[in-house]
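The values are calculated or read from the model by the stated rules, or taken from the named source; none is laboratory data. Just so it is clear, the model here is predicted, and its values are computed rather than measured. Because the Cβ atoms are built from the backbone with ideal geometry, glycine has one as well, and the counts that use them run over all protein chains shown. The accessibility values were calculated without ligands, DNA or RNA, using every heavy atom of the protein model including side chains. Shrake-Rupley method; radii C 1.70, N 1.55, O 1.52, S 1.80 Å.
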Amino acid sequence: MRVQTHRLLLAGVLLVSLSLASCGSAAPASPSESMTLKVAQVTNAISFFPFALAVRKQYFAQQGLTLDPSPPPSMGSGSKLAAAVEANAVEVGVGGITDVFTISRVDAYIRMIGAVSNDLLLDVVVSKKLEQESHLSSSSSLEQKIHGLVGKRIGISAPGSATDALVTYLFRSQHLDAQKDVVKVNVGADSAAMLAALQTGRVDAIASGAPTGEQAELHGIGETFISPARGDVPNISGQLFVVAYLKQGVIERKPQAVRAFIRGLAQAEDFIQKHPQEAEQMLKEYLKLDDALAQATWQATKGSMAATPRVSKQSYEVANQFHVKAGLIALPLAYQDLVATDVIEKALSGAK
């Protein structure tokens, strides 16, 4: 979905919410001791793994929190999840920071309450043919690789998506125009479809998340050409990627439940750091991978799993600048306006 359409959808939801509120709605509810939260996520992608692990190991339940429903549903797209959060159908959304930035333009009371993954967990994967013809490889300089993509066909999931933004950013970094200097082909978000497009020659490259690049390499289809998580693009390394977010009203209505959610997420992230081998096995089961693919994927992405729900100001600002330069937002958004640091700190200090 295009970013403009995305914003119009969110703006429309907000207008409906405001209209209903003006028709004699009750005053805001006082704080409740309820320990139930309606939680949903975008998808079961690798960047959501810490949250999935928290659910599987019942860390939220250990904190006295009930997720409604359980397991949390996947909405299929960030715009759908953001609209559900704005309409109060979902109290806590686990989704990309892009959607939080977008929804915050129409709702000043959106807050982030936890980091889930860092690094832009998207790669540019190229065909063997492109590498052979261009005499380039993953070890070539970033400048050489981007210029090697000029005039090529690059598969993206959709216009205005994060994959589209990555291509735009890379080309702008070399003073190139991704709307003129490359052909973007919409191939959808399904990794199998993307790999098929690469293998059949429909596209020369694809922008996709792990484990698509690892699959391409293991099956001899192509190679991970440019990987932000690998450090190939230093200016966007370590940026905040997937977060947990909600409306300020949820924090006010259910303070204990929100803190329990943050602590449950913290348990999962701590487990990943302290028990990487067990985490790798759980990732294998989560993504339904074979041993070789699971190992390759884990090695490529384990450093991108958030070590704590605390939202680093540095990772936030890197994401901020990426979104501006990629054309996803017009102006940077202030950290203090979007990150509920006091709530996160109270939760992690053990305050009930």
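Results, tabulated for the structure shown:
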| read-out | value |
| --- | --- |
| Filter result (of a type in the set (V, I, T) and either open to solvent by 10 Å² or more (accessible area, probe 1.4 Å) or under 16 Å from the mean Cα position of the chain (by Cα) (or both)) within segment 88-122 | V90, V92, V94, I97, T98, V100, T102, I103, V106, I113, V116 |
| Answer residue from segment 123-140, given it is open to solvent by 40 Å² or more (accessible area, probe 1.4 Å) and of a type outside the set (S, T, N, Q) and is nearest to Y245 (Cα to Cα) among those | K128 |
| Counted residues, segment 201-224 - those being aliphatic (A, V, I, L, M), assigned to a loop (DSSP other than H, G, I, E, B) and over 23 Å from the mean Cα position of the chain (by Cα) | 2 |
| Condition check for L293: open to solvent by less than 20 Å² (accessible area, probe 1.4 Å) and either assigned to a helix (DSSP H, G or I) or within 29 Å of L37 (Cα to Cα) (or both) | yes |
| Check on A229, in a loop (DSSP other than H, G, I, E, B) and either open to solvent by 10 Å² or more (accessible area, probe 1.4 Å) or at pLDDT 95 or above (or both) | no |
| Some residue of segment 338-350 being surrounded by fewer than 21 Cβ atoms within 10 Å (Cβ to Cβ), modelled with pLDDT under 95 and not aromatic (F, W, Y) | yes |
| Enumeration of residues in segment 298-319 that are within 23 Å of P332 (Cβ to Cβ), touching a strand residue (DSSP E or B) at 6+ places or on another chain (Cβ under 8 Å) and open to solvent by less than 70 Å² (accessible area, probe 1.4 Å) | S304, A306, P309, V311, S312, S315, Y316, V318, A319 |
| Segment 295-319, residues that are of a type outside the set (S, T, Y) and in contact (Cβ under 8 Å) with a residue 40 or more places away in the chain | A296, A300, G303, M305, A306, P309, R310, V311, Q314, V318, A319 |
| Hits in segment 119-154 (condition: assigned to a helix (DSSP H, G or I) and touching a helix residue (DSSP H, G or I) at 6+ places or on another chain (Cβ under 7 Å)) | S134, I146, G148 |
| Residues of segment 198-215 that turn out to be open to solvent by less than 20 Å² (accessible area, probe 1.4 Å) and within 18 Å of A178 (Cα to Cα), as a count | 5 |
| Sole exception among (1) surrounded by fewer than 18 Cβ atoms within 10 Å (Cβ to Cβ); (2) in contact (Cβ under 8 Å) with a residue 12 or more places away in the chain for E269, by number | (1) |
| Any hit, segment 143-151, residues being among the small types (G, A, S) and under 21 Å from G201 (Cβ atoms) | yes |
| Segment 41-68: number of residues that are touching a Lys or Arg at 6+ places or on another chain (Cβ under 7 Å) and surrounded by fewer than 19 Cβ atoms within 10 Å (Cβ to Cβ) | 1 |
| Pairs, first assigned to a strand (DSSP E or B) in segment 59-76, second among the small types (G, A, S), C-beta under 8 Å, six or more apart | S74/A40 |
| Selection status of D164, touching a strand residue (DSSP E or B) at 6+ places or on another chain (Cβ under 9 Å) and under 18 Å from P234 (Cα atoms) | no |
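Listed here are the residues, each with its yes/no results for (1) closer than 20 Å to S134 by Cα; (2) open to solvent by less than 30 Å² (accessible area, probe 1.4 Å); (3) hydrophobic (A, V, I, L, M, F, W, C).
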site: G151; (1), (2), (3): yes, no, no
site: V167; (1), (2), (3): yes, yes, yes
site: L170; (1), (2), (3): yes, yes, yes
site: L176; (1), (2), (3): yes, no, yes
site: V185; (1), (2), (3): no, yes, yes
site: A196; (1), (2), (3): no, no, yes
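Rundown of residues vs (1) assigned to a helix (DSSP H, G or I); (2) at pLDDT 95 or above; (3) under 29 Å from E223 (Cα atoms), yes/no style:
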{"position": "L265", "(1), (2), (3)": "yes, yes, no"}
{"position": "Q273", "(1), (2), (3)": "yes, yes, yes"}
{"position": "E280", "(1), (2), (3)": "yes, yes, yes"}
{"position": "A300", "(1), (2), (3)": "yes, no, yes"}
{"position": "T308", "(1), (2), (3)": "no, yes, no"}
